[in-house]
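The values are calculated or read from the model by the stated rules, or taken from the named source; none is laboratory data. Computed from a prediction, not measured in an experiment: that's the story for all the values here. Positions of Cβ are generated from backbone atoms using ideal geometry, with glycine treated the same way; all protein chains shown enter the neighbour counts.
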Amino acid sequence: MWVIFVKIRKYMNSVPEKFFKPYNAKDVEGKIYKKWEESGYFNPDNLPTKNKETYTIIMPPPNANGSLHAGHAVFVTIEDLLIRYKRMQGLRTLWLPGADHAGFETQVVYEKKLEKEGRTRFGMDADKLREEIMQFTLENKKFMENQLRDLGASCDWSREKFTLDENIKRTVYDTFQNLYEEGLAYRGLRSVNWCTKHQTSLSELETISVEQVDPLYYMKYGPFTLATVRPETKFGDTAVAVNPEDVRYKKWIGKEIEFEGLLGTIKLKVIGDEYVDPEFGTGVVKITPAHDPNDFEVAKRHNLPVVEVIDQYGKLNEKCGKYSGLKVEEARKKVVEDLKALNLIEKIEEKYTHAVKKCYKCERILEPRILPQWFVKMKPLAEKAIEVIEKDEIIFYPENYKKIMLHWLKNIEDWNISRQIVWGIPIPVWYKGSEIKIGVESPGYDWVKENDTFDTWFSSGQWPFATLQYPAGEDYKKFYPTQVMETAGEIIFFWVARMIMLGIYRTGKIPFNTVYLHGIVTAKDGKKMSKSKGNVISPIELSEKYGTDALRMALIIGNTPGTSTALYEEKIRAYKLFANKLWNITRFVLENTNGVNFDEKPEMTDGMMDVEAQLNTLVKDVTKDIEEYRFYMAGEKLYHYVWHTFADIVIEACKKELLTGTPLKKYEAQWFLYSTLKTCLKLLHPFMPFVTEEIWQSLPEKKNTLLMIESWPVSSNN
């Protein structure tokens, strides 16, 4: 009677010879990716599914100025996992790839290249420099995109976007014009963070605040002694200030003091302002509006003049007499030396700890400068973002980022979107006297073009709707809002917040309903990777050495959202062994099921039903873990099931039936081994796409030629 279960193929194929050798990722990955790409299934319009539901992820565009780093490998792995999973569930999945021109960052990279060539961007023709950087960027862009392929990114290359594409720029210009017409974008004279090396202003998010120990100088100002860490700025003082409630100095408020300074007689008004901390120093401070953002705000409240005495290069200017031309550090020493000679230094507190702002790229101390810049009023934009976040219309993983985001949005300041660099999207503004016109084309011969470019985050903050060709594009209508924004937690304010605010502002809709934030990738000892420490490892080199699947598993398992994860060779090597284990399991299963037709499922014995229930539990758990963004748990469960349950228990239990069992028992064991292998391949595919697809190609019994469009397993457990 057993023959109704077992049908031997008339022409049966032997087990492919490749399975008798260790798995070699190098022989597999290139040809498999080519097969995927040529299938057209990365494009949602070509998927065979009848499901009309869409699932969209807009790729965080890597900077098109160099090689991918470990952080990029994390986002590729996680986003590709989600896309492959949803594609197998039958959704019309769009993963839209892109590249960022990365204005300031790319220009910094190119400046280093120029330095090596003995050149500098200063003095270069702007159009020539722009042309050179464009060529450099486009070459790197191609290189970077091939690295994304190497990592297995199943994104729709037919829809690939670049932040300098004309249609993207048009969207950015439209947003700026709308903001300007509604009074939300304005040109203002304000204190900005100025990098004297890179010769541009930086937003607050592009600065790093570090504690520094400096001398605190107590200088004599006529009847007062006041404390400062920056005596070299004294030539720009326009007042001295005290707290209006400080009884020591109330009688001086509103009066003018006169005293001798380094360049002659000085006259300063004494003002009362609550900004002054009576506990700091002597309770008297000098007000230097041009070179301190807090002093600038005080000056506005009291209608004080603003006198700039430090130029764009960090040198004292012509207003400083014999000190002009000295760099800040040199000037400080010379000023203190001369003040001491005139007995105008009362004392010096040698170790005063305070916070200073530095450029996040070169780490030079930033000079506050008062410059006309373009700003966006953020509070009106933030209010709507706060509303949707508080209503949980956008969910954060990990959850604590919701509180972090709300705190920042509720304390948001206006955003400086001007950059004094060549590389970027030009700000489309024209000036004639006090008149301003917005537009790409010149309004007339006597109008002067704005030289500044937009902050990169202003354009990339519009990425989700701009890439989908808002407002009239078919993709916008089909795929917006998107489902998930997965990115690094460290750019939540740089980018995620901007996308939420600008997305709601332009489209009236949230740009995505889920934000998944991964932490940084560290070295084995938990320390941040850096070239100076010599602990940087290349994900591409590691994938070439151990296979992309091994790298991906190493980046998933143990990687909880929002926390740092360590990446090192031993960890990746372990998952190379796992890929080989799956390869060997496949060889065993194919050897023992060769020529068997599995059209009919056998009746399961009690023991096999228990094993099947365990597999169903795995399917249920892995599905739930992925749905709830616990990728690390799903990966760990799959690893342990395949290695310790399937290989160590199930296969061992089946060996007896395969060798000595009745035909019915043998077929039951064969059927279960083969079906378990297929289920494991499907479950593992989003995690380890290459090895699973290569194995799938060798299976005699399969519905589709490509595993990537197979249906996701469904648990039969209630």
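Can you tell me which residues in the stretch 224-281 are in contact with a helix residue (DSSP H, G or I) (Cβ under 6 Å, 6 or more places away or on another chain) and hydrophobic (A, V, I, L, M, F, W, C)?
235, 262, 263, 270, 271
Considering only residues that are assigned to a helix (DSSP H, G or I) and either crowded, with 24+ Cβ neighbours inside 10 Å or at pLDDT below 95 (or both), which ones fall in the stretch 87-105?
87, 103, 104, 105
So residue 712 passes all but one of these: (1) within 28 Å of residue 518 (Cα to Cα); (2) part of a helix (DSSP H, G or I); (3) of a type in the set (A, V, I, L, M, F, W, C). Which condition number does it fail?
Here residue 712 clears every test but (2).
Determine whether residue 115 is closer than 30 Å to residue 371 by Cβ, assigned by TED's automatic domain parsing to the domain that holds residue 363, at pLDDT below 95 and not aromatic (Phe, Trp, Tyr).
no
Under the condition of being of a type outside the set (S, T, N, Q) and free of Cβ contacts under 8 Å to residues at least 12 places away in the same chain, which residue from the stretch 145-173 is surrounded by the fewest Cβ atoms within 10 Å (Cβ to Cβ)?
As a first pass, look at the stretch 145-173 and keep what is of a type outside the set (S, T, N, Q): 145, 148-153, 155-157, 159-162, 164-166, 168-170, 172-173.
Remaining after also requiring free of Cβ contacts under 8 Å to residues at least 12 places away in the same chain: 165-166, 170.
On the way: 165: 16, 166: 8, 170: 13.
Within the stretch 145-173, the match that is surrounded by the fewest Cβ atoms within 10 Å (Cβ to Cβ) is 166.
Taking residue 121, is it at pLDDT 95 or above and not assigned by TED's automatic domain parsing to the domain that holds residue 624?
Considered against the rule, which asks whether it is at pLDDT 95 or above and not assigned by TED's automatic domain parsing to the domain that holds residue 624, residue 121 comes out as no.
Would you point out which residue out of 288, 282 is in the same structural domain as residue 308 (by TED's automatic domain parsing), hydroxyl-bearing (Ser, Thr, Tyr), in contact with a strand residue (DSSP E or B) (Cβ under 8 Å, 6 or more places away or on another chain) and touching a residue at least 40 places away in the same chain (Cβ under 8 Å)?
Testing whether each residue is in the same structural domain as residue 308 (by TED's automatic domain parsing), hydroxyl-bearing (Ser, Thr, Tyr), in contact with a strand residue (DSSP E or B) (Cβ under 8 Å, 6 or more places away or on another chain) and touching a residue at least 40 places away in the same chain (Cβ under 8 Å) leaves just 282.
Scanning for something more than 21 Å from residue 86 (Cα to Cα), polar (S, T, N, Q) and in contact with a Pro (Cβ under 8 Å, 6 or more places away or on another chain), does the stretch 460-467 turn up at least one residue?
Yes, because at least one residue in the stretch 460-467 is more than 21 Å from residue 86 (Cα to Cα), polar (S, T, N, Q) and in contact with a Pro (Cβ under 8 Å, 6 or more places away or on another chain).
Anything in the stretch 580-600 that is assigned to a helix (DSSP H, G or I) and either closer than 18 Å to residue 661 by Cβ or of a type outside the set (A, V, I, L, M) (or both)? List them, or say none.
580, 581, 583, 584, 586, 587, 588, 589, 591, 592, 593
Within the stretch 128-140, can you find the residues that are buried (at least 21 other Cβ atoms within 10 Å of the Cβ) and under 16 Å from residue 61 (Cα atoms)?
Matches in the stretch 128-140: 137 only.
Consider residue 179 against the criteria (1) touching a strand residue (DSSP E or B) at 6+ places or on another chain (Cβ under 6 Å); (2) closer than 21 Å to residue 289 by Cα: it satisfies all of them except one. Which criterion is unmet?
(2)
Quick check: anything in the stretch 7-30 farther than 24 Å from residue 168 by Cα, at pLDDT 95 or above, hydrophobic (A, V, I, L, M, F, W, C) and surrounded by 20 or more Cβ atoms within 10 Å (Cβ to Cβ)?
Scanning the stretch 7-30 turns up at least one residue that is farther than 24 Å from residue 168 by Cα, at pLDDT 95 or above, hydrophobic (A, V, I, L, M, F, W, C) and surrounded by 20 or more Cβ atoms within 10 Å (Cβ to Cβ).
Answer with yes or no whether residue 368 is part of a strand (DSSP E or B) and buried (at least 20 other Cβ atoms within 10 Å of the Cβ).
The answer is yes for residue 368.
Write out, first by first residue and then by second, each pair whose Cβ atoms fall under 6 Å of each other, whose residues are 6+ apart or on separate chains, and whose first residue, in the stretch 388-407, is under 12 Å from residue 485 (Cβ atoms) while the second is in a loop (DSSP other than H, G, I, E, B).
Taking only residues 6 or more apart or on different chains, the pairs are 394/510; 397/561; 397/629.
Being among the acidic types (Asp, Glu), under 23 Å from residue 493 (Cα atoms) and assigned by TED's automatic domain parsing to the domain that holds residue 174 is the requirement here; does residue 413 meet it?
Yes, satisfied.
Can you pull out every residue in the stretch 299-339 that is within 18 Å of residue 267 (Cβ to Cβ) and in contact (Cβ under 8 Å) with a residue 12 or more places away in the chain?
299, 302, 304, 305, 306, 307, 309, 319, 320, 321
Would you confirm whether any residue within the stretch 667-687 is more than 21 Å from residue 605 (Cβ to Cβ), out of contact with any strand residue (DSSP E or B) (no Cβ under 9 Å at 6 or more places or on another chain), among the hydroxyl-bearing types (Ser, Thr, Tyr) and in contact (Cβ under 8 Å) with a residue 60 or more places away in the chain?
No, the conditions are met nowhere in the stretch 667-687.
From the residues in the stretch 517-541 that are surrounded by 20 or more Cβ atoms within 10 Å (Cβ to Cβ) and under 11 Å from the mean Cα position of the chain (by Cα), which one is nearest to residue 381 (Cα to Cα)?
Checking each candidate, the answer is 517.
If residue 707 satisfies all but one of (1) out of contact with any strand residue (DSSP E or B) (no Cβ under 7 Å at 6 or more places or on another chain); (2) under 14 Å from residue 593 (Cβ atoms), what's the number of the condition it fails?
Among (1) out of contact with any strand residue (DSSP E or B) (no Cβ under 7 Å at 6 or more places or on another chain); (2) under 14 Å from residue 593 (Cβ atoms), residue 707 violates only (2).
Have a look at 225, 233 and point out the one that is in contact with an Asp or Glu (Cβ under 9 Å, 6 or more places away or on another chain) and not in a strand (DSSP E or B).
Numbers: 225 fails: not in a strand (DSSP E or B).
Of 225, 233, the one residue that is in contact with an Asp or Glu (Cβ under 9 Å, 6 or more places away or on another chain) and not in a strand (DSSP E or B) is 233.
Each row is one residue, and each column tells you yes or no for (1) assigned to a helix (DSSP H, G or I); (2) at pLDDT 90 or above; (3) outside the structural domain of residue 589 (by TED's automatic domain parsing); (4) within 46 Å of the chain's Cα centre (by Cα).
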site	(1), (2), (3), (4)
636	yes, yes, no, yes
649	yes, yes, no, yes
670	yes, yes, no, no
682	yes, yes, no, yes
692	yes, yes, no, yes
705	no, no, no, yes
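Filter the stretch 250-297 down to residues that are of a type in the set (Ser, Thr, Tyr) and out of contact with any Phe, Trp or Tyr (no Cβ under 8 Å at 6 or more places or on another chain) and give me whichever is nearest to residue 222 (Cα to Cα). Can you show your working first?
Kept after step one, since they are of a type in the set (Ser, Thr, Tyr), are these residues of the stretch 250-297: 265, 275, 282, 288.
Imposing the further condition that a residue be out of contact with any Phe, Trp or Tyr (no Cβ under 8 Å at 6 or more places or on another chain) reduces the set to 275, 288.
Details: 275: 22, 288: 17 Å.
Filtering the stretch 250-297 for residues that are of a type in the set (Ser, Thr, Tyr) and out of contact with any Phe, Trp or Tyr (no Cβ under 8 Å at 6 or more places or on another chain), the one nearest to residue 222 (Cα to Cα) comes out as 288.
With touching a Pro at 6+ places or on another chain (Cβ under 9 Å), over 25 Å from residue 105 (Cβ atoms) and among the small types (Gly, Ala, Ser) as the only criterion, which of 473, 439, 489 stands out?
Unique residue meeting the criteria: 439.
Looking only at the stretch 407-448, filter to residues that are under 29 Å from the mean Cα position of the chain (by Cα) and in a strand (DSSP E or B); which one of those is surrounded by the fewest Cβ atoms within 10 Å (Cβ to Cβ)?
Among those that are under 29 Å from the mean Cα position of the chain (by Cα) and in a strand (DSSP E or B), it is 426.
Report, by residue number, each residue of the stretch 604-632 that is surrounded by fewer than 17 Cβ atoms within 10 Å (Cβ to Cβ), touching a residue at least 40 places away in the same chain (Cβ under 8 Å) and part of a loop (DSSP other than H, G, I, E, B).
Listed by number, the residues that qualify are 604, 605.
Which residue out of 496, 422, 448 is farther than 24 Å from residue 63 by Cα and of a type outside the set (Gly, Ala, Ser)?
Among 496, 422, 448, only 448 is farther than 24 Å from residue 63 by Cα and of a type outside the set (Gly, Ala, Ser).
Going through the stretch 64-78 one residue at a time, which ones are within 14 Å of residue 106 (Cα to Cα), among the polar types (S, T, N, Q) and buried (at least 22 other Cβ atoms within 10 Å of the Cβ)?
Result: 65, single match.
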